[in-house]
Amino acid sequence: MNPHPSMFVLCCRKILMVFAFYIAGAVAVISTLLMLTRLNVVHALLYLIVSLLGVAVVFYTLGAAFVAALEVIIYAGAIMVLFVFVVMMLNLGAHAVEMEREWLTPGIWAGPVILASILIIEIVYLVHGASGGLNSGAVPPKQVGIALFGPYLIGVELASLLLLAGLVGAYHLGYRQVEKREILHDSDTHERRAVAGGDLVLAGADKPARTP
Amino acid sequence: MTSPYPILSILGIVVVAMSIAAFLIWVERRLLALWQDRYGPNRVGPFGLLQVLADTIKIFMKEDWVPPFVDKPVFILAPAIVFVTVLMSFAVLPVAPGIIVSDLNIGLLFFLAMSSLGVYSVVLAGWSSNNKYALLGGLRAAAQMLSYEVFMGISLMGVVILAGSFSLPSIVDGQRRMWFVIPQFLGFVLFLIAGLAETRRIPFDLPEAESELVAGYHSEYSGMKFGMFFVGEYMGVTLISSMIAVLFFGGWLGPGLPGVVWFLIKTFFFISFFVLVRAALPRPRFDQLMSWGWKVMLPLALANLLVTGAVVLVWR
């Protein structure tokens, strides 16, 4: 960057930022709508990821570069990977898509549409009265850290308590008493080998199979 | 400090990164051969240098087949993601003073963000292939890369504390007196291991373990789509090696030679190290991999961060 960029360059940069803001916002809104209407769960998740990336660009154009990076790293890069992971593990097939199609009747949209339109009216009202916009300036990461561990310390502590509680809960649910002894194959015990007369291929053949 | 010729640096870095990645295939095969007492590819061109070119021509001629049972849009998208995310990371890489595409003040976070998005390529390839081996490979990749990404980020925070910035050129500038590998040796080791896991190189190549999963997540890929995964892996190796050089070994700093040369020397040193690791180490079991990541590496990374923070607080 030049030490003294001309007025023209600054103006151009600002117009480009405004364009980027609106394009990213449009991408985020459209991909969220597509996410809601997809029948295939993985496709819906992919649209949600695109929507989160769009929101990250919106944050960046508003000057919150640090928040934009965290949005990508944590939401798009970690939480959504876990969602995809779980969906992959469930391995839903074509019947899941059919079930989804039966569930997504026009009637089911009524409630969410009413609630969402109330929110939209509120947002329009708030935005109408608000001033300013993109000229808030960039916020460096250091300032975010100082704000978080200064005036907002209690919020950070509460969030970490909540996360710790979640972690302990997950640990409790996932915990099971693991048998310390490694399960050996039938042929791996000395008695079995003795029964088979040292023949490893036949070892354990006198015992009924473990699986039906 | 953006480059005076942005288009030139973008083109330069893309072309150089991609040619180094392609050239690496030959380097790796020759080096592996050297360490295993054989010749490696030595027939096509001088020293077998044109082997990569011959392979590329061959792979372009091959049928690029999309099996009928796959989820077609996701199947085609997956190999593109690995390429795009790695190339985007090269944008914040400072090769020499002034040779950088974009000096973001959150450059390091941008690199971490792109490497966390890179997971999707493998995961979606595994899922969209609609094949049990590919799915298992994708599941393994998701769990592995998520686990190793956590302490990859934390292991770099020591460097950020010492340099006082997320911007990569400032991190290099902060190493004028001393390379960060000396105060941050633990961070360097942790980042190296996390980098190996993120690029899915041999001790950590469980997502494509050929002895148990056919070829893992790319079992169903053929032609240049497979080639994209292959070159993407080598671009990842180049990226991680150059990141190690920038973050811990002073990037372009060095006596006598121009900055670019120092940067390339350091990067090639770590690329060769990656190849040596591949030649030397066996593959662990998957549960060993996970418990190693969460029970050993993550606490070590957190301890490193804590100690570095405390020392810096007392020192200043």
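Throughout, read-outs are computed from the coordinates displayed, never taken from laboratory work. It should be emphasised that the depicted structure is a prediction, and the values quoted were computed from it without experimental measurement. So basically every Cβ, Gly included, is an ideal-geometry build from the backbone, and we count neighbours across all protein chains shown.
Along the Cα-to-C-beta direction of residue A:94, a point sits 7 Å from the Cα; which residues of segment B:117-141 have their amide N less than 18 Å from that point? Answer for segment B:117-141: B:128-132. Taken as Cα centroids, segment B:225-261 and segment B:117-149 sit 25 Å apart, rounded to the nearest whole angstrom. Taking 18 Å as the cut-off, the amide N atoms of segment A:62-92 that come nearer than this to a point 7 Å along the Cα-to-beta-carbon line of residue B:102 belong to A:62-74, A:76-77. Computed about its Cα centre, the charge dipole of the protein assembly as shown is approximately 960 debye, with only Lys, Arg, Asp and Glu carrying charge at their Cβ. Over chain B, Cα pairs under 8 Å with separation of 6+ residues give a relative contact order of 23 percent.
Neighbour counts of other Cβ atoms within 10 Å put B:88, B:178, B:228, A:7 in the fewest-to-most order A:7, B:178, B:88, B:228. A cut-off under 13 angstrom between Cβ atoms defines the neighbours of residue B:170, and their net charge, with Lys, Arg +1 and Asp, Glu -1, is 0. Per-residue packing, averaged as other Cβ atoms within 10 Å, sorts the ranges B:64-72, B:40-48 into the order B:40-48, B:64-72, beginning with the highest.
Ordering B:24, B:32 by the number of other Cβ atoms within 10 Å of each residue's own Cβ, fewest first, gives B:32, B:24. Under the convention that each Lys and Arg Cβ holds +1 and each Asp and Glu Cβ holds -1, the size of the dipole of segment B:96-228 around its Cα centre is about 160 debye. Peptide B:110-116 is shielded by partner chain Cβ atoms: per residue, an average of 5 of them sit within 10 Å of its Cβ. For peptide B:49-61, the mean count of partner chain Cβ atoms within 10 Å of a residue's Cβ comes to 0. Helix screen, chain B: DSSP H segments with Cα axial length of 18 Å or more and mean Kyte-Doolittle hydropathy at least -0.5 are B:6-35, B:72-89, B:132-163, B:185-198, B:223-248, B:259-280, B:298-315. Positive contributions from Lys and Arg (+1) and negative ones from Asp and Glu (-1), summed over other residues with Cβ under 14 Å from the Cβ of residue A:7, come out at +2.
Between residue B:279 and residue A:143, the simple label model (points 7 Å from Cα in the Cβ direction) yields a spacing of 5.2 nm. Could you work out which residue, out of B:124, B:49, B:206, moves most in a Gaussian network model of chain B, that is, has the largest mean-square fluctuation with Cα springs under 10 Å? With Cα springs under 10 Å in chain B, the top fluctuation among B:124, B:49, B:206 is at B:49.
The Cβ shell under 13 Å around residue B:32 holds other residues with a net charge of +3, Lys and Arg each +1, Asp and Glu each -1. How large is Rg/Rh for segment A:14-138, to two decimals, with Cα atoms and a Kirkwood Rh? A ratio of 1.04.
Averaged over peptide A:74-82, the number of partner chain Cβ atoms lying within 10 Å of each residue's Cβ comes to 5. Total lysine pairs in the protein assembly as shown at Cα distances under 27 Å, for residues eight or more apart or on different chains: 11. Anisotropy class assigned to segment B:233-316 is oblate, per the alpha carbon gyration tensor with a/c at or over the 1.5 cut-off and a/b no larger than b/c. Note on residue B:185 and residue A:102: the model spin-label points, each 7 Å out from Cα along the C-beta direction, lie 6.5 nm apart.
Put simply, when B:218-225, A:13-20 are sorted by average Cβ atoms within 10 angstrom per residue, most first, you get B:218-225, A:13-20.
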